[in-house]
Amino acid sequence: MQDSTPKFVQEIDQGFGNIIEIKACLCDVQSDYQHIQIFETANLGKLMMLDGIIQFTEYDEYAYQEMMTHPAMMLHKNPEKVLIIGGGDGGVAREVARHQCVKQIDHCEIDGKVVEMCKKFVPGMACGFDDPRLNLHIGDGLEFVRNKVDEYDVIIVDSTDPIGPGAVLFGREFYQSVHRALKADGVVASQSESIFLYPEIVQRLYGFTRELFAYNGYAFIAVPTYPAGSIGVCLANKKYPVEKPLRELDDALASQLRYYTPEIHSAAFKLPAFAQRWFTQSK
Ligand code: SAM
């Protein structure tokens with residue numbers, strides 16, 4: 001008799017978190033870098049966890065992928081050459097590929113197994129890897145960007161949390177390398193954790209980018225299945241303020257999106273008082 005008891009996965013972060021009902025485990029492998037699990041959930045589509053930390057559910061991944069990608073892309077007048085660091089699920093690549101002006105996407109992901117598993121089990125996200133403009137490099141993002149100079153219009157750092165392989169992507173050396181790798185009007189967007197769960201990480205990333213770039217800011221993203229229902233993206237621009245898009249969002253692209261709008265772009269930088277104080281104090 002098949003056991004009909006519902007099964008659950010949970011993520012506890014800072015003492016609280018999410019519990020999600022699952023129907024089946026599709027993948028459970030230990031790569032050279034992390035424990036990769038992909039589940040079919042009861043109501044949220046597929047879910048991937050790395051080392052027990054929710055990376056996405058199909059239910060709300062668009063919110064994160066769109067906000068990691070489109071504010072940065074709209075903060076450049078003509079982004080032709082883009083670098084994605086991390087992003088092994090392909091979601092950010094899928095969003096970058098929506099911009100017709102892009103001519104080349106370099107993508108550096110440290111764990112080829114994540115790419116392989118997402119291609120197999122979550123093709124709706126991993127489809128980003130199929131774009132002919134995309135060159136996939138399997139390796140460490142810091143090593144990849146270290147010797148690049150004046151090469152990219154936009155760099156998107158879609159990393160895991162600052163533990164394990166992701167730790168180097170939250171350090172000063174990495175941001176100095178990113179700054180060097182960007183062109184004179186370059187833009188960087190980085191996964192920057194939740195203001196509710198990781199104030200010190202948010203402030204540290206903001207501080208690095210404040211030191212190095214003419215303009216920077218932290219944009220809030222609502223993602224129901226992330227702990228505290230939120231995360232953020234730290235944006236920095238060598239030439240222009242980050243709070244307003246530099247170009248019009250054409251109707252064809254706008255019709256493909258479910259979260260990003262020019263209004264959301266600006267509104268995302270309006271933070272609760274406690275967080276706003278962090279940033280006004282550091283100016
Ligand atoms: N949305 C997720 C989040 O907010 O935590 C991140 C998604 S994506 C799956 C994170 C990716 O970063 C993983 O595929 C992981 O292998 C990759 N990664 C971690 N450290 C890295 C490094 N040093 N260089 C390149 N990729 C790295």
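The values are calculated or read from the model by the stated rules, or taken from the named source; none is laboratory data. The model shown is predicted, which means the values in this text are computed figures rather than measured ones. Reconstructed Cβ throughout: ideal geometry from the backbone, glycine too, with neighbour counts over all protein chains shown. For the accessible areas, the whole protein counts, side chains as well, though only heavy atoms, and no ligand, DNA or RNA atoms are used. Shrake-Rupley method; radii C 1.70, N 1.55, O 1.52, S 1.80 Å.
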Single residue of region 33-50 satisfying the filter (assigned to a loop (DSSP other than H, G, I, E, B) and within 10 Å of the ligand (Cβ to nearest atom)) that is most open to solvent (accessible area, probe 1.4 Å)
Y33
For region 145-170, give me the residue count where each residue is open to solvent by 50 Å² or more (accessible area, probe 1.4 Å) and near the ligand (Cβ under 9 Å from one of its atoms).
2
I'd like the full set of residues that are assigned to a helix (DSSP H, G or I), farther than 22 Å from D150 by Cα and more than 12 Å from the ligand (Cβ to nearest atom), limited to region 96-122.
K119, K120, F121
I want to confirm something. Restricting to region 209-241 and keeping residues that are polar (S, T, N, Q) and within 15 Å of the chain's Cα centre (by Cα), which single residue is surrounded by the most Cβ atoms within 10 Å (Cβ to Cβ)?
T225
With G141, G171 as the choices, which residue is over 30 Å from A273 (Cβ atoms) and within 18 Å of the chain's Cα centre (by Cα)?
G141
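Looking at D131, D153, D106, D158, can you tell me which residue is touching a residue at least 12 places away in the same chain (Cβ under 8 Å) and more than 26 Å from L212 (Cβ to Cβ)?
D131
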Here is a list of conditions, (1) over 13 Å from the mean Cα position of the chain (by Cα); (2) closer than 21 Å to K244 by Cβ, and I110 meets all of them except one; can you say which number that is?
(2)
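Taking region 242-283, which residues are part of a loop (DSSP other than H, G, I, E, B) and exposed (fewer than 14 other Cβ atoms within 10 Å of the Cβ)?
So in region 242-283, the residues part of a loop (DSSP other than H, G, I, E, B) come out as 242-250, 255-261, 268-272, 282-283.
Hits for region 242-283 are K244, E248, D250, S255, Q256, R258, K270, P272, S282, K283.
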